[in-house]
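The values are calculated or read from the model by the stated rules, or taken from the named source; none is laboratory data. Everything quoted here is computed from the prediction, not taken from an experiment. FYI the Cβ positions are ideal-geometry reconstructions off the backbone, even for glycines, and counts take in every protein chain you see. When the accessible area is computed, the model is the full protein with side chains, heavy atoms only, and any ligands, DNA or RNA have been set aside. Shrake-Rupley method; radii C 1.70, N 1.55, O 1.52, S 1.80 Å.
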Amino acid sequence: MSTTQQPAVTTPPASGPRRTDGRTARRPLVLRLLARPEVGVLLGALAVLVFFLIAAPTVRQGSSMATVLYQASTIGIMALPVALLMIGGEFDLSSGVSVITSALTASMLSYQLTVNVWTGIVVALILSLAIGAFNGWMVVRTGLPSFLVTLGTFLILQGANLAITKHVTGNVATDDISDMDGFEQARAVFASSFDVGGVQVKITVVWWLVFAAIATWVLLRTKYGNWIFAVGGNKDSARAVGVPVTFTKITLFMTVGFGAWFVGMHNLFSFNTVQSGEGVGQELIYIAAAVIGGCLLTGGYGSAIGTVFGAFMFGMVNQGIVYAGWNADWFKAFLGVMLLGATLVNLWVRRTATRR
């Protein structure tokens with residue numbers, strides 16, 4: 001009895017497009033672009049720019065645009081470290097008055113001790129970093145929300161700025177330091193202008209873009225950037241995989257301190273003197289610029305480039321209202337509408353980007 005071996009039957013591959021599992025399918029380019037936090041604010045910034053180019057023809061002039069960029073840069077330089085801190089899951093409500101604290105320190109120390117202004121600048125930097133380190137240490141050590149910790153710091157600095165300035169100078173403002181040693185060199189670094197095609201552009205615009213490039217590189221190309229996103233997303237999970245949560249949070253607060261120092265030095269060397277009661281409310285502008293730029297209040301999401309566009313929108317609205325001849329009292333109302341609109345757009349963008 002014999003058996004006959006049947007030839008193997010092979011099934012030809014089915015023709016037509018290859019079917020893929022939804023989990024491995026590559027998302028369309030549009031959805032991948034929408035997943036970027038800066039896309040929504042870019043569209044918003046372009047819309048605001050076009051609107052004021054039409055509503056206020058003066059904006060089309062080079063000098064007007066230079067002023068807009070200057071306004072944006074003074075907000076943007078501070079908004080960048082605030083955005084990094086928010087991506088890391090924390091807030092700093094003392095950032096506005098910290099700017100004034102830094103400027104007051106440099107001014108009064110230099111004038112009262114009759115030393116080179118660079119001595120006051122260095123001392124102000126050390127103090128600003130110390131304030132940031134204190135905020136970070138208190139948040140990590142106590143476990144209290146950064147909102148409460150930095151609100152306390154805000155009140156302390158606000159009162160100290162006014163009380164110490166009155167005690168030292170007998171006035172609510174510091175003395176003029178424009179004739180002191182080192183002033184011109186410091187002014188060149190922090191508050192000078194340069195000519196571009198016959199238009200005077202402030203040096204802060206250059207510093208703003210440089211800091212934005214550095215912040216973007218840190219977030220997207222360094223291990224520290226990964227730590228920022230990790231601690232903002234879930235600090236317990238981040239700690240479990242070896243992320244130095246304490247170090248990351250404290251250094252983020254110190255970065256805000258550095259930003260406060262830089263903007264404070266710009267204010268000082270632009271106006272030669274500092275009003276001790278200023279800075280209140282600016283912290284909300286910095287936070288709003290970061291939120292408009294795509295940063296989530298819950299942390300773990302955002303970008304430096306988006307914050308640049310957010311600050312540009314602030315500068316554009318601030319100056320655009322003036323160039324359009326509108327009542328400047330409407331600025332805050334326009335700002336609120338812009339903030340709410342940007343938040344809704346960011347929410348829509350994120351939901352669209354994550355939808356399969």
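Across region 49-69, a minimum of one residue is classified as surrounded by 12 or more Cβ atoms within 10 Å (Cβ to Cβ), closer than 30 Å to Gln319 by Cα, of a type in the set (Lys, Arg) and modelled with pLDDT of 85 or more. Would you check which residues across region 179-225 are hydrophobic (A, V, I, L, M, F, W, C), over 16 Å from the mean Cα position of the chain (by Cα), surrounded by 15 or more Cβ atoms within 10 Å (Cβ to Cβ) and assigned to a helix (DSSP H, G or I) and list them? Passing the criteria: Phe183, Ala186, Val189, Phe190, Ile203.
Filtering region 75-121 to residues that are surrounded by 24 or more Cβ atoms within 10 Å (Cβ to Cβ), touching a Leu at 6+ places or on another chain (Cβ under 8 Å) and among the hydroxyl-bearing types (Ser, Thr, Tyr) leaves Ser94, Ser98, Thr101, Ser102, Thr105, Ser107. The criterion of at least 1 residues that are modelled with pLDDT under 90 and open to solvent by 10 Å² or more (accessible area, probe 1.4 Å) is met, among helices (runs of 4 or more DSSP H) falling completely within region 236-352, by 282-292, 304-323.
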